[in-house]
Amino acid sequence: MFPSVVPPCAGCGVCCHLLVELLPGDDHVPEEYVVEHSGVRCMDQHGDGACVALDPETRLCTIYDQRPQTCRTFSRGSELCRRVLKLPAEVVESS
Ligand code: SF4
């Protein structure tokens, strides 16, 4: 079920179903959560695409302080955020 407005990040977790490639400098990410696809280091995912670091009940990141740079720079309400939420661009954000 997708929301009708941009929800708060805490408890959403929809973007945590995208493939996250690690970047140079992401050495702090716990190795047990990392896999390699064709030589590219990525966050491992469950069968539904959920990042293995995403808590399935709280939908919060369990490695928040060690999360990759891509996760740190992802912006709530950005074009990609709205796209993965299947929201049109004009939809307002919730408070
Ligand atoms: S590392 Fe954390 S913020 Fe990044 S995709 Fe995984 S659960 Fe989401």
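Couple of notes before you dig in:
- Exposed trypsin sites (Lys or Arg not before Pro) absent - longest run of the chain, DSSP non-H/G/I/E/B, at most 16 other C-beta within 10 Å: 1-58
- Hydrodynamic radius (Kirkwood) for the range 29-69, which is based on Cα pairs only, to one decimal in Å: 10.8
- Euclidean distance of C-alpha centroids, the range 3-45 and the range 52-91, integer Å: 9
- Placing dummy labels 7 Å off each Cα toward the beta-carbon, the span from Thr73 to Glu57 is 3.5 nm.
- Convex hull of the chain built on C-alpha atoms - directionally averaged projected area, nm²: 6.6
Here, each number is a calculation from the coordinates, and none is a lab measurement. Predicted, not measured: the structure shown is a model, and the values here were computed from it. Virtual Cβ from ideal backbone geometry, glycine too; neighbours counted across all protein chains shown.
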